[in-house]
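Heads up: the structure comes next, in structure tokens.
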Amino acid sequence: MTSATAAGGPPPPAAPKSRKSVTGTRKTVAALFLLPALVLLGALVVYPIGYSLVRSFYNQSGDGFAGIDNYKALFTDDGIRTALKNNIIWVVFAPTVATALGLIFAVLTERVRWGTAFKLVVFMPMAISMLAAGIIFRLVYDQDPDKGFANAVWVGIHDTFADSSAFPKAHPGRESPLVAQSGGFITKATVHTGDTVTLPLVGVAPDQIPDSARKAVAPQADPGRITGTTWQDFTRGKGVGTLGGVDATELGYPGMKIEAVKDGKVVESTKAGDDGTFSLSEKADGAQLRLPASNFKEPYNGLDWLGPSLVTPAIIGSYIWMWAGFAMVLIAAGLAGIPRELLEAARVDGATEWQVFRRVTVPLLAPVLAVVAVTLMINVLKIFDLVFIIAPGSSQDDANVLALELYRKGFSEDQPGIASAISVFLLLLVIPVMWFNVRRLRREVRR
């Protein structure tokens with residue numbers, strides 16, 4: 001017994017025991033369980049990042065220090081600058097539009113009977129791989145309206161409001177009274193009241209002539225008018241058909257527009273009948289007859305979706321088609337957690353549905369909207385598959401993004417130093433967005 005105990009003092013403190021984790025597992029045992037995951041994390045994440053960082057400071061062969069030359073190339077190389085510009089477009093528009101559509105879909109599906117089925121249909125593209133989606137939209141954006149769905153719809157809308165020409169290939173044949181002028185054709189000589197005029201054309205395939213066409217009729221003179229015929233002058237050779245004359249087997253050009261032109265001004269115009277005949281009043285006396293260019297314009301073939309000017313918006317459209325469903329599902333989950341009492345209270349106070357949506361629903365969904373937008377921002381910074389598959393070789397440079405340029409520099413152009421610099425630059429772009437997301441999540445936890 002010690003003297004302190006003998007004197008009645010407090011006993012000496014016991015030796016501290018080794019503390020265990022919350023689950024009762026020793027720290028060393030927990031570390032051993034975590035070790036395989038840490039090894040994989042180091043091998044698959046930490047080492048590649050470190051190697052890329054070091055490699056970005058060496059030349060293309062890897063045997064000489066290049067300093068920051070590879071990083072200078074990020075702002076001087078035309079291909080990389082185009083990719084950076086396109087990435088900015090992607091980050092600004094793709095998450096914004098996808099989140100906005102997701103919000104609209106989530107709100108609307110709460111008010112329809114088949115809301116669950118609608119959500120399933122909208123979310124279904126998420127089950128499709130980027131490769132498959134790229135192939136689908138490569139076909140959707142095909143230039144030929146008979147193949148590409150986008151142009152089929154666009155051409156249908158256009159042709160509803162604007163007539164297309166039935167005679168795009170028509171042109172004067174041999175010994176024709178017509179000469180070319182401003183995309184159309186005009187008579188060499190003037191016409192006068194009582195004259196008959198023949199305006200023969202060739203070049204329209206038999207299967208392209210309008211169904212309303214009838215057998216051409218030779219013009220009949222009228223003392224007070226100018227009469228004529230425009231038709232398909234099909235002359236196959238000597239003794240078969242009359243060159244410049246209306247034959248019994250030839251068809252008229254229905255709907256062909258004819259203008260009477262004096263001193264460069266149109267004084268009268270008309271359209272040919274189904275048999276190709278037309279008639280002009282005495283106002284056309286002394287004028288030249290013109291077949292304007294509108295008769296011969298090529299049929300509208302839609303937009304060049306994958307051309308240099310539209311390829312990036314077109315690919316962004318395919319991305320939104322895939323990811324709007326993802327945004328909708330997350331926002332719908334947040335919407336389900338909003339207290340209905342707040343919405344009903346706003347309606348009782350006289351707020352319209354739009355005011356409830358703008359002043360109550362959207363503010364309460366702000367944390368969820370931020371999660372969706374930030375997640376999509378990180379996703380689009382790494383976009384590669386859709387651009388690589390959808391953009392054809394002729395416009396891939398115009399649709400270029402940083403991830404695609406990294407691939408091209410690293411594998412096609414054999415410039416691993418610049419490719420490594422691009423990868424590090426992409427990481428630096430992602431870090432602020434991730435940091436913002438982490439801070440926001442921590443604030444949510446504190447609440």
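The values are calculated or read from the model by the stated rules, or taken from the named source; none is laboratory data. For clarity, every value in this text was computed on a predicted model and none was experimentally measured. All Cβ positions, even for glycine, are placed from backbone atoms using ideal geometry, and neighbour counts span all protein chains on display. Protein only, heavy atoms only, side chains kept; ligands, DNA and RNA dropped before computing areas. Shrake-Rupley method; radii C 1.70, N 1.55, O 1.52, S 1.80 Å.
Some notes on this structure:
- Using only side-chain charges placed at the Cβ, +1 for Lys and Arg and -1 for Asp and Glu, the dipole size of segment 160-214 relative to its Cα centre rounds to 160 debye.
- Accessible-area value, His158, 1.4 Å probe, nucleic acids and ligands omitted, Å²: 60
- Per residue value of the accessible surface for the chain (all protein chains in place, 1.4 Å probe), Å²: 58
- Remark: accessible surface ordering of Ser269, Ser318, Ser61 (largest first) is Ser61, Ser269, Ser318, probe radius 1.4 Å.
- Anisotropy class of segment 206-312 from Cα gyration tensor, a/c 1.5 cut: oblate
- Sorting Arg111, Arg443, Arg408 by solvent-accessible area of protein heavy atoms yields Arg111, Arg443, Arg408, largest first, with a 1.4 Å probe.
- Cα-based helix-to-principal-axis angle, 416-446 vs the chain, degrees rounded to 10: 60
- The solvent-accessible area of Ser394, taken with every protein chain present and a 1.4 Å probe, is close to 100 Å².
- Principal-axis analysis of the Cα atoms of the chain puts helix 362-381 at an angle of about 80° to the longest axis.
- Acute angle (nearest 10 degrees) that the helix 130-140 long axis makes with the longest principal axis of the chain, alpha-carbon atoms: 10
- Of the residues Ile104, Ala73, Asn86, the one whose Cα sits farthest toward the positive end of the charge dipole of segment 47-105, with +1 on the Cβ of Lys and Arg and -1 on the Cβ of Asp and Glu, is Ile104.
- Note on Thr28: accessible area is roughly 100 Å² with a 1.4 Å probe, heavy atoms of protein only.
- Positive contributions from Lys and Arg (+1) and negative ones from Asp and Glu (-1), summed over other residues with Cβ under 15 Å from the Cβ of Tyr141, come out at -3.
- Alpha-carbon centroid distance for the pair segment 371-447 / segment 181-205, whole angstrom: 61
- The portion of the accessible surface of segment 36-136 made up by carbon and sulfur, rounded to a whole percent, is 75 (1.4 Å probe; DNA, RNA and ligands excluded).
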